[in-house]
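The values are calculated or read from the model by the stated rules, or taken from the named source; none is laboratory data. Worth saying up front: this structure is predicted, and the values here are computed from it rather than measured. Positions of Cβ are generated from backbone atoms using ideal geometry, with glycine treated the same way; all protein chains shown enter the neighbour counts. Heads up: the accessible areas ignore ligands, DNA and RNA and are worked out on the full protein's heavy atoms, side chains in. Shrake-Rupley method; radii C 1.70, N 1.55, O 1.52, S 1.80 Å.
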Amino acid sequence: MQLFGSGDGAAEASLPEWSSVLHAMPIPAALVRSTGEVLAANRWLDVEPGDLLLEPETGPLGATLRFGAQKSRWRVRPVEQDGSVLLATGEREDAGDHLLRKFFSSGDSLFVVYDQAGQIIQSNAAWEALLGYTSDQVFGLDSWTLLPEDDLETRDRVEKELRAFGRSEPTFQMRTADGSYRLVEWALHFDMSVGRCFGIGRDVTEQERVTAELEWRAFHDQLTGLANRARLVDRLGTVLEEGGSPALLFCDLDRFKVVNDSLGHQAGDALLTRLAGRLASIGLGPDALLARFGGDEFVLLLEDGDEDRATRAAEQLLACLEAPFLVAGRPIHVTMSIGISIAAGSPNRSADGLLDDADTAAYAAKSQGRERLVVFDERLRAQAKRRFDVEAGLRRAMRDGHIQPLFQPIVALPGGGIVGAEALVRWKQGDHYLSPGQFLDVAQDAGLMAEIGQIVADASIEAAAALAEAGRPLPLSINMSDAELKSPDICTWMAERVASAGLDPSSILIEITESAVLATDEAMPVLERLRSHGFRLGLDDFGTGFSSLAHLRELPINVVKVDRSFVADLVDDHVTRAVTASLVELCHALDLDVIMEGIETADQAAAVEQIGGSKAQGFLFHRPMPIEDLASLVTGGRIGNKRPPIETTDPARVRTRPAAAMPATARP
C-alpha cells in the first residue's frame, strides 16, 4: 500500500502500523505531525504530503482543530506516546457521503468496521451505546476479545466462513463495559478489495429471553416446574426413533380429589408442588425425565429401562411418599398407584402406545386397591381392548337408541300392589339386555354418564306420560348421577321436559346417592332447585358408603331407599334387624317415606313388614321389564307369551369392575 511522504523517525515508524486503519476509514482521515503537516492521507482527502492540515485551537493537544481557511471541524488522537504523530478524522462535504455517514451513525442497528486482522477501526453510536465503550476505547481492539473466552467454536466458524464465502451471519454473546453480556445477531461481509470486514448487527438479547421463556413454558408445567406432557411425548418419541428401550412409570395419585374438596384448590396446588419437588429429588439417573402429565398424574421416563429397573424406581417413588406433606398447617399423607410399561419386547412401540399401556396398568393398580404398582402385560392389553370395544359400542348404542330403561315395580306391603316403578338403565343387544355393571364404569371413564342419564330420563318421562294417557298414572323413579348434578342446566331441562309431557313434577322421584351428593359442591343447590320445581327426591342405597343419619335431616329428601345389604341379613341377624327397625322408625318420625330394596324371599318380605316397612322392591315381586309389560301389569292386561327380558352378565361380552366401584346409577 503506497503512502504519502516521509518524515522523522517516529513518523516513519508509525506509517506502516496505521496505514491499514487510515485507508479503511469511510471518512476523510490523515496522519499528521503534531505541528499539523500531512504525513499520509486516504482517498477521501485531497491533500499532499507536507500540506498544513491542522491549525490548533486554544486547548490541549488532541482537542478539536480546524482545517485551513474553511475552518472545518476535525477530531485528532495521538498515535505515538510522545504526541508527535496524530490521526485526524474529518467530514466529507458532498451530500452522498453525508447521507452515508448519517445512516452509519444513526438508528438502532449496530455498525462496525474491522481490518483484516480483526481489529476494530470504526463503530457507530448504537454499537458504543449498547456495549458501553467509547470509540477511543475500542479503536484498534481485537474484536474477539469481546466474546466469552470459551466461545472458540464461534470464532473458528466465523473466520472460516469469511475466508471461504466472504460473509457470515453469526449470533454470539458480546461482553459489555460493565462485564455483562448482550446477545447480538450479525451480518458480516468481508470485502477483499479493501481488506475490510463490515458488520451490521442488532441486539436480540430480549428477544432471545422471550423466546427462551416461551419455549420453557411450552415444555414445562407452570405449577411444578417439571417437564409437561408435550416435553415427555417429544423426548419419548426421540428415544424410540433412536432405537432406545425406554420404560414408563405412570403415577396417579390416590384420592387427591379429597384434598381439593376438603382444603381447597390452593392447598391442592401446594401439595402438588411439594410432591413434585420430592419426586424430583430422588435421583433416578441422568436418563430419567419426570413430567407432570396432567392434574394429579405424573409420568417418569427412563430412557433405558427394563422391568427390574422400572420396578425398583417405582418402589422408590412409593417409598418417598411415606412421610406426610405439611399443607395448610396440617400433615397430609399421599399414596400413588403406578402403572409400568416397557418398550423392550412390546408390540406397541410408539409414544402414544406406551403411554396408553402405562395408563392402563395404573388403572389396574387403582382397581386392585391403590398404593401399588402393576406392570402392563398381555392380559391388561386384552382388557384394554375390551374397554375400547365397549366404549365404541356404547357410543353407537346411544346414537342408535339402544340405551333404554327397564322398569322395576315398587310394591306396597302387605298385598304387593304396584305403587311405582324405578327406571333402570340397560343396553339392548338383540334379545338381550346388558346390565349396568357391564358398561357404566366405561361410560363413567369416558364422560358419558350425563348424556346416558338424560337418555334414560327422557325415555322415563315419555313412559310416565304414556301410562297417564292410558288412564293409569304411576309415579316413576329416575336415578341421577353426580355427573348430572354437575350439569348447570339439568334443573331447567327436567322441568321443561316434564311440563311438555303434561306431567305433574311430583310424579317423578329423582334418586341420588350420598356419594353423588358428596362428589360435587354443586349438588345441594341443584337438589334445592329440583325440589322447588316440584320434583320429589329420594336418597338411594342408604346404609352403604358414606351413609350418615345426619343426611336424613340435612338433605331436601322425601324418600329413603334402604340398601339391599340390610335386607339380606334381616331374617337371621338380630342386630341388623334392630338397626333396620330403628332406621325405619326414624324415617317415619322425619316424615320420610321408606322403600326396602333387594327383597328376594317371602321371609325377607315378612321381616320387612314386621319392622314397619310398607314399600318394597325386589325380584320376589317383579324383575325389571320394558314399559309395555309394565303397562300391561298396571292396566290389568296380561303379558301373554312374551318372554321376560334376558339380562346377560357374560364376561366375554364386556369387561366388568367389582361392584364396589360401580357408579350410583348401577342397579341389578
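Things to note:
- For residue 37, the residues whose modelled amide H falls within less than 5 Å of its own, excluding neighbours fewer than 5 places apart on the same chain, are 53.
- Shape of the range 427-492 from the C-alpha gyration tensor: oblate (a/c of 1.5 or more and a/b not above b/c, with a ≥ b ≥ c the square roots of its eigenvalues).
- In degrees, nearest ten, helix 205-219 long axis to first principal axis of the chain (Cα): 20 degrees
- Simple spin-label estimate for residue 265 and residue 418 in nanometres, 7 Å along Cα-Cβ: 4.7 nm
- Between residue 136 and residue 323, the C-beta separation translates, for a Förster distance of 51 Å, into a calculated FRET efficiency of about 0.20.
- Extension gain, residue 116-residue 335: 0.36 nm per intervening residue step, less the Cα-Cα distance, totals 72.1 nm.
- Note on residue 395 and residue 635: with the Förster distance fixed at 45 Å, the Cβ-Cβ geometry gives a FRET efficiency of about 0.80.
- Protection proxy ranking of 33-44, 321-332 - average other beta-carbon atoms within 10 Å, highest first: 33-44, 321-332
- Checking (1) 1.66; (2) 1.00; (3) 1.38 against Cα Rg over 2.2 N^0.38 Å calculated from these atoms, the matching label is (1).
- Label point distance in nm, residue 80-residue 257, each placed 7 Å from Cα along Cα→Cβ: 9.2 nm
- In sequence order, the range 479-486 has phi-based couplings of 7, 10, 7, 5, 4, 6, 5, 7 Hz under the Karplus curve 6.51 cos²θ - 1.76 cosθ + 1.60, θ = phi - 60°, and Gly or Pro positions carry x.
- For the range 590-607, Karplus couplings with θ = phi - 60° (6.51, -1.76, 1.60), whole Hz, Gly/Pro x: 8, 6, 10, 6, 10, 10, 8, 9, x, 7, 10, 10, 5, 4, 5, 4, 5, 5
- Accessible-area order (highest first, 1.4 angstrom probe) of the listed residues 386, 217: 217, 386
- Taking Cα atoms only, the orientation of helix 9-24 departs from the longest principal axis of the chain by about 40 degrees.
- Within the full protein context, the accessible area of residue 433 is estimated at about 20 Å² for a probe radius of 1.4 Å.
- Protection proxy ranking of 199-212, 621-634 - average other beta-carbon atoms within 10 Å, highest first: 621-634, 199-212
- Whole-number percent relative contact order across the chain, with pairs defined as alpha carbons under 8 Å at least 6 apart: 8 percent
- Oblate is the label for the range 506-564. Its Cα gyration tensor axes, ordered a ≥ b ≥ c, give a/c of at least 1.5 and b/c at or above a/b.
- Separation of alpha-carbon centers, the range 469-535 and the range 238-266, rounded to whole Å: 37 Å
- Residues of the range 322-365 falling in the label zone of residue 241, defined by backbone nitrogen less than 15 Å from a point 7 Å along Cα to beta-carbon, are 350-352.
- The chain: antiparallel DSSP beta bridges as a percent of all, rounded to 5: 75 percent
- Per-residue packing, averaged as other Cβ atoms within 10 Å, sorts the ranges 468-475, 532-539 into the order 532-539, 468-475, beginning with the highest.
- Long-range amide H partners of residue 419 with built H, under 5 Å: 410, 411, 412
- R0 of 60 Å, Cβ-Cβ distance residue 378-residue 210: FRET efficiency to nearest 0.05: 0.80
- The alpha carbon convex hull volume per residue for the range 309-439 rounds to 233 Å³.
- For the range 562-579, backbone phi angles converted through the Karplus equation (6.51, -1.76, 1.60; θ = phi - 60°) give residue-by-residue couplings of 7, 4, 4, 4, 6, 5, 4, 9, 5, 6, 9, 10, 5, 5, 4, 4, 5, 4 Hz, Gly and Pro being listed as x.
- The range 525-634 shape via C-alpha gyration tensor axes, a/c threshold 1.5: oblate
- For the chain, the longest principal axis of the C-alpha atoms and the axis of helix 351-367 are separated by about 40°.
- In summary, the aspartates and glutamates within cross-link reach of residue 486, defined as a Cα separation below 13 angstrom excluding same-chain residues under 8 places away, comprise 451, 521, 522.
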